[in-house]
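The block underneath contains the structure these notes are about, expressed in structure tokens.
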Amino acid sequence: MLHKTFETKVTIYSYNELSDSHKMLIEKAKEQVFKAYAPYSGFSVGAAIQLENNEIFAGNNQENAAYPSGLCAERVAMFYANAQFPQIPVKTLAIAAYTHGEFLKKPVTPCGACRQVLLESETRFDNSIEVLLYGSDEIYYLQNVKQLLPLCFEKTSLNK
Ligand code: THU
């Protein structure tokens with residue numbers, strides 16, 4: 001028998017330690033929560049994406065009375081960006097969440113389905129996507145989406 005451990009590397013920043021471009025992307029994600037449509041959960045999420053050509057796309061969660069028909073902020077933003085610029089890799093993603101009148105204190109972490117979609121953008125362009133998970137107390141920085149999804153299923157998994 002063999003035990004194997006897979007590690008996720010996270011750098012923890014306070015807001016003031018971030019670069020100006022990362023602060024700017026986080027602000028875009030934070031703005032988005034106020035445009036979310038989240039009447040059922042009351043949990044508003046914003047996501048902002050910067051492409052390698054520096055274009056920025058942002059989105060938020062869109063809920064539905066038929067619950068599974070809604071979509072998370074990360075997928076709204078990522079599909080939007082990839083639909084508009086199918087040739088341009090994604091450089092950075094920032095996420096923020098707001099509920100009960102305040103931003104989450106701990107960094108918001110994407111759901112499993114969003115991780116899978118984010119991973120597809122990373123592998124599709126063969127270009128690491130930096131991830132910024134905002135919390136008002138601390139911010140998590142990950143060098144790429146793979147850190148969020150160890151033992152992932154990706155396009156190379158389809159090869160025999
Ligand atoms: N949600 C997101 O938009 N992103 C996440 O990372 C986690 C969850 C949304 C889905 C749903 O509209 C609400 O938050 C509560 O789950």
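The values are calculated or read from the model by the stated rules, or taken from the named source; none is laboratory data. These numbers were taken from a predicted model, which means no experiment stands behind them. All Cβ positions, glycine included, derive from the backbone under ideal geometry; neighbour counts span all protein chains shown. What goes into the accessible areas is simple: the full protein's heavy atoms, side chains included, and nothing from ligands, DNA or RNA. Shrake-Rupley method; radii C 1.70, N 1.55, O 1.52, S 1.80 Å.
Checking the a/c ratio against 1.5 first, then a/b against b/c, what shape does the Cα gyration tensor give for the range 11-134? Can you show the working numbers first?
Numbers: a/c = 1.81, a/b = 1.15, b/c = 1.57.
Verdict is oblate for the range 11-134.
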message: Among DSSP bridges having both ends in the range 81-142, what percentage is antiparallel? Round to the nearest 5.
response: 55 percent
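Using the scaling law 2.2 N^0.38 Å as the reference, what is the normalised Cα Rg of the range 5-45?
That works out to 1.61 for the range 5-45.
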statement: Ranking Leu93, Leu158, Asn82 by how far each Cα lies towards the positive end of the charge dipole of the chain (+1 on Lys and Arg Cβ, -1 on Asp and Glu Cβ), the top one is Leu158
- request: Among the aspartates and glutamates, select those whose C-alpha is under 13 Å from the C-alpha of Lys105, and discard any that sit fewer than 8 residues away in the same chain.
  value: Asp137, Glu138
message: Can you give me the distance in nm between label points at Glu17 and Glu102, each placed 7 Å from the Cα along the Cα-to-Cβ direction?
response: 2.2 nm
message: Taking each pair of distinct Cα atoms in the range 71-146 once, what is the resulting Kirkwood hydrodynamic radius in Å?
response: 12.9 Å
- request: Determine the percent antiparallel among the DSSP beta bridges restricted to the range 52-160, to the nearest 5.
  value: 60 percent
Set of lysines near Lys28 by C-alpha distance (under 16 Å), chain-local residues within fewer than 8 positions excluded: Lys91
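Given +1 on the Cβ of Lys and Arg, -1 on the Cβ of Asp and Glu, and no further charges, what dipole in debye does the range 58-160 carry about its Cα centre, rounded to the nearest 20? Before the final figure, lay out each step's value.
Details: 9 positive and 10 negative charges, 59 e Å.
Charge dipole of the range 58-160: 280 debye, to the nearest 20.
How do His3, His22 rank by accessible surface area computed with a 1.4 Å probe, from largest to smallest? Mind dumping the intermediate values first?
On the way: His3 155, His22 30 Å².
Sorted by accessible area, descending: His3, His22.
Are there chymotrypsin sites (Phe, Trp or Tyr not before Pro) in the range 2-59 that DSSP puts in a loop and that have at most 13 other Cβ atoms within 10 Å, and which ones? Show your work: numbers first, answer last.
On the way: sites: Phe6, Tyr13, Tyr15, Phe34, Tyr37, Tyr40, Phe43, Phe57; in loops: Phe6, Phe34, Tyr40.
Sparse-neighbourhood loop chymotrypsin sites (Phe, Trp or Tyr not before Pro): Phe6, Phe34, Tyr40.
Sort 120-133, 64-77 for me by packing, meaning the mean count of neighbouring Cβ atoms within 10 Å per residue, highest on top.
Numbers: 120-133: 18.3, 64-77: 16.7.
Descending packing order for the listed peptides: 120-133, 64-77.
So what is the calculated 222 nm ellipticity per residue for the chain, using -39500 (n - 2.57) for each DSSP H run with n of 4 or more, over all residues, to the nearest 500 deg cm²/dmol? Could the numbers behind the result be given before it?
Working: 3 runs with 39 residues, N = 160.
That comes out to -7500 deg cm²/dmol.
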- request: Provide the solvent-accessible area of Met24, counting protein heavy atoms only and rolling a 1.4 Å probe, rounded to the nearest 10 Å².
  value: 60 Å²
